[in-house]
Amino acid sequence: KHRVFSGIQPSGNLTLGNYLGAVKRFVEMQDSGIETIYCVVDLHAITVWQDPEKLRHATRELAAAYIACGLDPTRSILFNQSQVSAHAELGWLFNCVARLGWMNRMTQFKDKAGKNAEKASLGLYAYPSLMAADILTYQATHVPVGEDQKQHVELARDIAGKFNHDYGTEYFPLPEPIIEGAATRVMSLRDGTKKMSKSDPSDLSRINLTDDADTIAKKIKKAKTDPEPLPDSVDGLDGRPEAKNLVSIYAALSGKSKADVIAEFAGQQFGAFKPALADLAVAELSPITARMSDLMADPAEIDRILGDGADRAAALAEPVLAGAKDVMGFVRSR
Ligand code: ATP
Ligand code: MG
């Protein structure tokens, strides 16, 4: 039986990268007839310190963004992770299955911890183990993610496989990453070699779902490019990461292939291309921004939706956790 799980951290404003690489595809999968579970992974967000008031706001805003992008909380399960304790509990069990050597190969930890890894939290290091628990506490089979999360989903497969092997069972399915779509890795507008991220200190590096039309136009205008005009073939984008990124974003937003976008703008300067890209981004995002702000006017309703989702999620997660405990030999007398 197929089941989809994915999550997003309430660690800041949702970006165009999150939208194209994740949420837009979550919504498509909801309409495919498969059971879909989508989470606001607040326990992951605190692997880096979060101001409590901002965390509360970002959690509600992310829930609003999911809904504004088309996620239907009656057809999908939508909830925040900290309200379902099975995640943290199975995460601990998996900490005892995962190997230090596996964690040491995770590139996201290296990127996020930076040069002074001694100062990083233990939680940031264990993050992929908790992510494995997020997925496997629903025995999810498919995990739609952006390119950057491929390594973590593969680690979840390794953890599931080792658990099954160590306990002589086939209890956990091996989850598959689904990395599809025209923009699985949207890059920073300031540096075409870095991923666009909601936690990037530079607001100019990304387009936020909460940005208004003027801000979007300004950010795209300021986006880094090289001085050459657009090439006349897709191959001509090689070695030009910023140009490639903007063309990819245009393609993803317009539903056209990169070749068609190049055919349309070949030989033109970025001064002509950028306003067209800004118009496209505003047309796609402004209805979402408007819907988000309507939803945010009623935080109690958002909390109600998250609570209802958490009840439904817990009903699925708790028996799976209990089963894992039985497999491992814990006494359960109630
Ligand atoms: P943070 O900087 O706090 O890690 P983030 O922008 O990387 O934030 P996450 O919450 O870590 O967002 O990831 C949520 C989902 O969005 C994941 O599936 C991830 O792969 C996807 N994603 C994140 N950034 C991009 C991007 N630049 N392009 C495409 N997908 C992305
Ligand atoms: Mg991330």
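The values are calculated or read from the model by the stated rules, or taken from the named source; none is laboratory data. This one's a predicted model, so the numbers in the text were calculated from it and none came from an experiment. All Cβ positions, glycine included, derive from the backbone under ideal geometry; neighbour counts span all protein chains shown.
Scan region 1-12 and report the pairs whose first residue is assigned to a loop (DSSP other than H, G, I, E, B) and whose second residue is polar (S, T, N, Q) and more than 10 Å from ligand 2 (Cβ to nearest atom), with Cβ atoms within less than 6 Å and a gap of 6+ or a chain change.
So the pair list comes out as His2/Thr141; Pro10/Thr59.
Which is of a type in the set (Val, Ile, Thr) and part of a loop (DSSP other than H, G, I, E, B), of Thr225, Thr215?
Thr225
Restricting attention to region 139-159, which residues are within 16 Å of ligand 2 (Cβ to nearest atom) and among the β-branched types (Val, Ile, Thr)?
Within region 139-159, Val143, Val145, Val153 qualify.
Going residue by residue through region 182-201, is there one that turns out to be of a type in the set (Val, Ile, Thr) and free of Cβ contacts under 8 Å to residues at least 12 places away in the same chain? Can you show your working first?
Filtering region 182-201 for residues of a type in the set (Val, Ile, Thr) gives 184, 186, 193.
After this cut, where a residue has to be free of Cβ contacts under 8 Å to residues at least 12 places away in the same chain as well, the list is none.
The answer is no; no qualifying residue exists.
Looking only at region 79-110, which residues are of a type in the set (Val, Ile, Thr) and assigned to a loop (DSSP other than H, G, I, E, B)? Full working, then the answer.
From region 79-110, those of a type in the set (Val, Ile, Thr) are 84, 97, 107; that's our starting set.
Result: Val84, Val97.
Quick check on this structure: which one of His165, His152 is more than 20 Å from Arg240 (Cβ to Cβ) and more than 13 Å from ligand 1 (Cβ to nearest atom)?
None of the others qualify; the one that does is His165.
Out of all the residues in region 29-48, is one or more in contact (Cβ under 8 Å) with a residue 12 or more places away in the chain, among the small types (Gly, Ala, Ser) and under 20 Å from Asp308 (Cβ atoms)?
No, region 29-48 has no match at all.
With the condition kept exactly as written, say whether any residue in region 206-215 is under 27 Å from Ile37 (Cα atoms), among the β-branched types (Val, Ile, Thr) and crowded, with 17+ Cβ neighbours inside 10 Å.
yes
Count, please, the residues in region 63-78 that happen to be of a type in the set (A, V, I, L, M, F, W, C), touching a strand residue (DSSP E or B) at 6+ places or on another chain (Cβ under 9 Å), in a helix (DSSP H, G or I) and within 16 Å of ligand 1 (Cβ to nearest atom).
Of the residues in region 63-78, 2 are of a type in the set (A, V, I, L, M, F, W, C), touching a strand residue (DSSP E or B) at 6+ places or on another chain (Cβ under 9 Å), in a helix (DSSP H, G or I) and within 16 Å of ligand 1 (Cβ to nearest atom).
Right, Lys162: more than 16 Å from ligand 2 (Cβ to nearest atom), assigned by TED's automatic domain parsing to the domain that holds Gln268 and part of a helix (DSSP H, G or I) or not?
No.
Give all pairs with beta carbons closer than 6 Å in which a residue from region 301-318 that is assigned by TED's automatic domain parsing to the domain that holds Ala133 and assigned to a helix (DSSP H, G or I) meets a residue that is at pLDDT 95 or above and of a type in the set (Lys, Arg); count only pairs at least 6 apart in sequence or on separate chains.
Ile302/Arg60
Among the numbered conditions (1) of a type in the set (Ser, Thr, Tyr); (2) surrounded by fewer than 16 Cβ atoms within 10 Å (Cβ to Cβ); (3) within 17 Å of Val186 (Cβ to Cβ), tell me where Ser286 comes up short.
(3)
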